[in-house]
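Each remark here refers to the structure printed beneath this line.
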Amino acid sequence: MSEIKSYRMLIDGDWVDAADGATFDSVNPADGTVWSRVPEATEADVDRAVKAAHRAFSDGPWARMTPTDRGKCLRKLGDLLAENSESLGRIESVDTGKMLKETRWQATYIAEFFHFFAGCADKVSGDTLPIDKPDMFVFTKREPLGVVAAVVPWNSQLFLVSVKIGPALAAGNTVVLKASEHASAPMLEFGRLIEQAGIPPGVVNIITGHGEPCGRALTGHPLVARVSFTGGPTAARHVLDNVKRNFAEVSLELGGKSPFIVFDDADIESAVNASIAGIFGATGQSCVAGSRLYLHADIADAFLERMTALAHQIKIGDPLADDTQMGPLCTQGQLDHIAQEVAQAQAEGAKVLTGGKQPEGMGGLYYEPTIIECPRRDMRIVDTELFGPVLSVQRFSTEEEVLALANDSEHGLAAGIFTKDSARSLRMANAVRAGIVWVNTYRVVSPIAEFGGVKGSGYGRESGFQAIYDYTRPKTVWMNTSDAPISNPFVMR
């Protein structure tokens, strides 16, 4: 892809440039070349997109569609995703450095999320209430909120879009989606499927730009009713400041530093393979990466010997090649941050068991699979999200000790527990402070299962049937069934 590709934003069914014509470049992290050019949205562009979404919600054909018809649109959108998985996956790999075999598979599987929410669209219902007043029939109904601002990061963006706009559209809302400035192209390619799915103009709008002014103007816009944000804590704090202006409802899915706990009775082969996948899959660029490994002292040496041997064998290279097992990082900033934190950890006494540097003789933003043994729990690398292929390792002796280690974190998104003791697995799953706990498995998802974090990993849940209710609000309707006139309010009986 030597020719630079120019993209436009999707606003009110039209493909448009930024109001002032400004653009920014996107770099292929595998070789450092500029491969695409993307509009830099102004506040005027954001305002136009939000107003288009508001019109579509209030007056357009979307507002008059039945839930069943909305579901049909979502099902068609899912079908189109599956049909276009090869091209979508390739664009995402070029823009982010993720391996093609992963992005291609993910685009196909994400179709199931849209199919799931398509089936949910006409299942949203209210209640009749056994009210304590005579001659009153009282019921609740669920209504959509309005315009939803969906803000997604560059990693797993098609997945994150599905769990945001899937339930939002199923419930009858409209959406303005802000793509990540680090990799906007996959979102704009996805936008081409919107019209084909029968979704009317203005229902889904896709804008591109940086946090200032694009993200600020979107999340603080007076017509935005809900903000669904996935990203880092610094940007999340800006979002919370912005919604002070519009009182929008907010859900935050932030970062993680997930503990991966292996007891002495665990299936070592299974646990090693899961840990490899949990930290080196997607080059460690996953918010649920199992980046804190806790090993029982009795099996730690054997475990690390096996794991470092496998890490040495991981093939790093071109994300478009079928035999590549780990691609590059997405941004130079990530690479610099990781190098700095690894150096700091070594200065604090950590031991690099494997990796710890960029591979020799390779251009691009590559970093070796890295395993670091940390002698103390208070080392910075133990609870700093690196968003890369770096694993910190500590040893433990008792269940109580490792539980304290696992919970000694500002994060709380996910956790992994490997043990054959079912009673212990339940105790640990109940006691670990995390929104997702995987037992004898790791990094699996389903449209049926909710996910989200606690503590510094945010709040709110995505996916699952309950998600659609989070994009609605209840309305209570009181109906007087008596023909008798209402009594004089100033005569007390």
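Sorting the Cα pairs of the range 122-185 by distance into bins of 5 Å, from 0 upward, gives 4, 15, 19, 15, 12, 9, 8, 6, 5, 4, 2, 1, 0 percent per bin. Determine the share of the range 105-162's accessible area contributed by carbon and sulfur atoms, expressed in whole percent, with a 1.4 angstrom probe. About 58 percent, which is the carbon plus sulfur part of the accessible surface. The Rg/Rh ratio of the range 389-460, with both radii computed over alpha carbons and Rh defined as the Kirkwood radius, is 0.96.
Could you state the number of Å between the C-alpha centres of the range 443-493 and the range 294-332? When both Cα centres are located, 45 Å separates them. With the charge dipole of the range 49-141 set up from +1 on Lys and Arg Cβ and -1 on Asp and Glu Cβ about the Cα centre, the Cα lying farthest toward the positive end among the listed residues ALA118, LEU80, PRO130 is that of LEU80.
Kirkwood analysis of the range 320-375, using all unique Cα-Cα pairs, places the hydrodynamic radius at 12.3 Å.
Kirkwood analysis of the range 80-222, using all unique Cα-Cα pairs, places the hydrodynamic radius at 16.7 Å.
Shown in residue order for the range 138-148 are the 3J(HN,Hα) couplings computed by the Karplus curve 6.51 cos²θ - 1.76 cosθ + 1.60 at θ = phi - 60°: 10, 9, 10, 9, 9, 10, x, 7, x, 8, 9 Hz (x for Gly and Pro). According to the calculation over all Cα-Cα pairs in the range 173-294, the P(r) per 5 Å bin from zero is 2, 9, 15, 16, 14, 12, 11, 8, 6, 4, 1, 0 %.
Legend: Rg and Dmax of the range 1-101, from Cα coordinates, 17.2, 49 Å. Calculated mean residue ellipticity at 222 nm for the chain: -11000 deg cm²/dmol, from DSSP H runs with n ≥ 4 weighted as -39500 (n - 2.57), summed, divided by the residue count and rounded to 500. Taking a ≥ b ≥ c as the square roots of the eigenvalues of the Cα gyration tensor, an a/c ratio of 1.5 or more together with a/b no larger than b/c marks the range 286-340 as oblate.
Rolling a 1.4 Å probe over the protein chains gives ARG245 an accessible area of about 130 Å². One decimal place: the segment ILE4-HIS312 gains 107.3 nm when fully extended, by the rule 0.36 nm per residue minus the C-alpha distance.
The ellipsoid that matches the Cα gyration tensor of the range 337-493 has semi-axes, each √(5λ) in whole angstrom, of 51, 21, 16, with the longest given first.
In the range 447-493, the alpha-carbon atoms span a convex hull of 185 Å³ per residue. Taken along its three principal axes, the alpha carbon spread of the chain comes to 83, 61, 38 Å, from the longest extent down to the shortest.
Relative contact order of the chain: 18 percent, from C-alpha pairs under 8 Å at least 6 residues apart in sequence.
Charge dipole (Cα centre; +1 on Lys/Arg Cβ, -1 on Asp/Glu Cβ; no other charges) of the range 203-285 amounts to roughly 740 debye.
If R0 is 22 Å, the Cβ-Cβ spacing of ALA339 and ASP31 corresponds to a FRET efficiency of close to 0.65. A 1.4 Å probe over all protein chains sorts VAL148, VAL454 by accessible area into VAL454, VAL148, starting with the largest. Note on THR481 and ARG376: the extension gain reaches 30.8 nm, defined as 0.36 nm multiplied by sequence separation minus the Cα-Cα distance. The mean accessible area for residues of the chain, using a 1.4 Å probe and ignoring ligands and nucleic acids, is 41 Å² per residue.
The values are calculated or read from the model by the stated rules, or taken from the named source; none is laboratory data. Keep in mind it's a predicted model, so treat the numbers as computed, not measured. No Cβ is skipped: glycine too gets one built from the backbone with ideal geometry, and neighbour counts run over all protein chains shown. Heads up: the accessible areas ignore ligands, DNA and RNA and are worked out on the full protein's heavy atoms, side chains in. Shrake-Rupley method; radii C 1.70, N 1.55, O 1.52, S 1.80 Å.
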